[in-house]
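The values are calculated or read from the model by the stated rules, or taken from the named source; none is laboratory data. The shown structure was predicted, so the numbers you read here are calculated from the model rather than taken from an experiment. Every residue, glycine among them, receives a Cβ derived from its backbone with ideal geometry; neighbour counts consider all protein chains shown. Accessible surface is based on the protein model in full, side chains and every heavy atom, while ligands, DNA and RNA are left aside. Shrake-Rupley method; radii C 1.70, N 1.55, O 1.52, S 1.80 Å.
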Amino acid sequence: MKYYARKTISFVVSLFVITAITFGALQILPGDPALLVLGTEGDPMAVEILREKLGLDDPPLTRYFKWISGVFKGDFGESIRYSTPVSVLLKNAIPVTLSLAFFSVLLAVLIAIPLGITCAVKKGSAWDSFGLIFSQLGMAMPPFWLGILLINFFAVKLGLFPPGGFVSVTTTGVGPFLSSLFLPALALSLPRAAILARMVRASILQTLDQDYIRTARSKGLPHYLVLYKHALRNASVNIFTVAGIQLTQLLAGTIVIEQVFSLPGLGQLLLNGVLQRDLPLVQGLVVVGAGLILFSNLIFDSILGVIDPRIRLD
Amino acid sequence: MAKFMERLKQINWALLIGIVLVSVVFLITFVSIFYTPYDPIDMVINNRLAKPSLTNPLGTDQYGRDVLSRVMIGGQITLLVGLSAVLLGMVVGVFLGALAGYYGGLWDEVLMRIADGLYSFPAFLLALLAVTLLGPGQNTALAAIAVANVPVFMRITRSNFLSLRETNFVEAARAMGATDFRIIAKHLLPNTLPALLVQASVSFAIAVLAEASLSFLGVGTQPPDVSWGRMLKDSQAVAGIAPWTILYPGLAIGITVLGFNLLGDGLQGK
């Protein structure tokens, strides 16, 4: 129980620290945010009204607590550029990014685990060399470049997939929804799969060296049982740890991939917010983004505690 | 023949290929300081989207600019930003990690908590936050990549120092009256260097990808400066009719990253 309590506390503390850093950092932004929005030639009356609306006349600490207590109630303030509540923008964008992320994780795991196991079992074979080359190339390729190539080959040339855009599962059904996400998810997942496959191979090789594997073999257990029941199960701790880190990287990767495939997700919203210095929007997105990442880490850590009870004792 | 095959297996291929790729990239970038076939930002409107040919070996982009010249020169900023960012992150990280690992106690507790906080801040969010603060540009990219690297090098230095601190040769040095500075500079740092070099190589590969991604998003290197990521952004719309405008800048990024990843693997002796 202690393990889970500690992880939960560290989740809350990290989230708090991140919101504070974000808020603090944006305070030292040179210039008056109201002037940034309206321009230095803006009507003084309008500037005053906007300052009032943004609460810029309060001291920073008051504003931080006002903002954070709003966040807990789901009120992130209003976006300056879109003139829409940030929470509405978030609600539209979150499903896009999460669907993309989950689809990518699924693809990455489906590619990496069989590949990694095959490479480990047939170490030194042609399969192994192929796996090593695949993982090196996968790690080196910029995912956005891969995305552009995929669009032009599979969408524009062959017409198998839409070249971009997002269709919601509720309006068009599962088929078009999955096909609109397949190419971006593939571009996003290949580098992750490459790293994961390397890790799967290394952990399986490491466990196959252990004494209990030799014991299992010598008592005549079939090859596949040794592999799946003993080796894979023990290697899964390492694999899972790396998969957790990969998920964080993947959420970051969605920012770029959404841009390539013009998907209206969190990444595109964040990029627009950053370029237009839309402070309420950027703040809200950083909190939600960091919250998603930290929360998925928390879930990963909890599952890890179930798979390998030893780590709960540290 | 068998002997020859045995020899072949003993070669550290990762290191060898890594060194070759990295050298090629640096050599081409170095040459581009003095020579490119054409002016990389010169627009030739009646030679737009020209296919690769003898006059333009890698073709031209939608403004008639020579892709080969641009790919050659595009490495300058990426490599400079990557190298300075990793170096800066490493120097600060090693210094703070050394304080934490050597003196321990309160130093360790405070510094490592800060490192954890920084580490838990997703690097890409950090970079975009930096863009909001400092505005788009290559210096922003540099600062963000450097900051993201600090906790990485802190952890490595600290854990190495912690275990080295207890070794006999450090104890012997201390018994002979060596100062803290001498112990750190003469004994601890040289023994941590291999681990740092491996990490630097991997970090550099990540930095190149990060710079390219930021430039692709339009918040890194700004025109008229040329960078591989920016070339991809500018030519994305014409990728279908002129694939060469996309293919080569991407390959340049890939080869650089591959080279440094292999170099890191090779140094580790994999």
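Placing unit charges on each Cβ (+1 for Lys and Arg, -1 for Asp and Glu) gives the stretch B:26-100 a dipole about its Cα centre, and among B:SER53, B:LEU79, B:LEU96 the Cα reaching farthest toward its positive end belongs to B:SER53.
Checking the Cα-Cα distances for A:LYS122/A:LYS219; A:LYS2/A:LYS66; B:LYS51/B:LYS233; A:LYS157/B:LYS233 against a 26 Å cut-off, the pairs over it are A:LYS2/A:LYS66.
In terms of Cα atoms, the Rg and Dmax of the protein assembly as shown work out to 25.7, 88 Å.
When chain A is modelled as a GNM with alpha-carbon springs shorter than 10 Å, which of A:GLY289, A:GLY165, A:GLY138 fluctuates the most? So, out of A:GLY289, A:GLY165, A:GLY138, the one fluctuating most is A:GLY165. Net charge of the neighbourhood of B:GLN62, taken over other residues with C-beta under 11 Å away and scored Lys/Arg +1, Asp/Glu -1, is 0. Normalised by the number of residues in the stretch B:121-233, the average gap of Cα pairs under 8 Å and 6 or more apart makes the relative contact order 29 percent. Probing with 1.4 Å while keeping every protein chain in the model, the per residue accessible area of chain B equals 48 Å². Taking every DSSP helix (H) stretch of at least 4 residues in the protein assembly as shown, weighting each as -39,500 (n - 2.57) and dividing the sum by the residue count yields a mean residue ellipticity at 222 nm of -24500 deg cm²/dmol. Computed from point charges on the beta carbon alone (+1 for Lys and Arg, -1 for Asp and Glu), the dipole magnitude for the protein assembly as shown about its Cα centre is near 2120 Debye. Taking 0.36 nm per residue of separation and subtracting the Cα-Cα distance, full extension of the segment from B:LEU54 to B:ASN191 would add 44.1 nm. Ranking A:LEU275, A:MET139, A:GLN206 by how far each Cα lies toward the positive end of the dipole of chain A (charges on Cβ) leaves A:GLN206 at the top. Which trypsin sites (Lys or Arg not before Pro) from the stretch A:218-259 combine a DSSP loop assignment with at most 13 other Cβ atoms within 10 Å? Filter output for the stretch A:218-259: A:LYS219. Rounded to the nearest 10 degrees, the angle from helix A:232-260 to the longest Cα principal axis of chain A is 40 degrees. Restricting the stretch B:48-115 to trypsin sites (Lys or Arg not before Pro) that sit in a DSSP loop and have at most 15 other Cβ atoms within 10 Å of their own Cβ leaves B:ARG48. Backbone amide hydrogens, once placed in the peptide plane, bring A:GLU78 within less than 5 Å of A:VAL86, excluding anything fewer than 5 places away on its chain.
Axis angle, to the nearest 10 degrees, between helix A:174-208 and the longest C-alpha principal axis of chain A: 50 degrees. The accessible surface of chain A, taken with every protein chain in place and a 1.4 Å probe, is 67 percent carbon and sulfur. Remark: the stretch A:87-307 projects, on average over all directions, an area of 14.4 nm² (convex hull of Cα atoms). Restricting the stretch B:36-127 to chymotrypsin sites (Phe, Trp or Tyr not before Pro) that sit in a DSSP loop and have at most 16 other Cβ atoms within 10 Å of their own Cβ leaves B:TYR63. Between B:MET176 and B:LEU106, the FRET efficiency estimated from the beta carbon spacing at R0 = 35 angstrom works out to 0.80. Of B:GLY135, B:GLY218, B:GLY177, which is the most mobile in a GNM of chain B whose springs link Cα atoms less than 10 angstrom apart? For chain B, modelled as a Gaussian network with Cα springs under 10 Å, the answer is B:GLY177. To the nearest ten degrees, helix B:189-217 and the longest principal axis of the Cα atoms of chain B are 30 degrees apart. Considering only alpha-carbon pairs that sit under 8 angstrom and 6 or more positions apart, the relative contact order computed for chain B is 27 percent. Averaged over peptide B:47-54, the number of partner chain Cβ atoms lying within 10 Å of each residue's Cβ comes to 0. Cross-link partners for A:LYS7 among the lysines, with Cα-Cα distance under 16 Å and sequence neighbours closer than 8 places in the same chain left out, do not exist in this structure.
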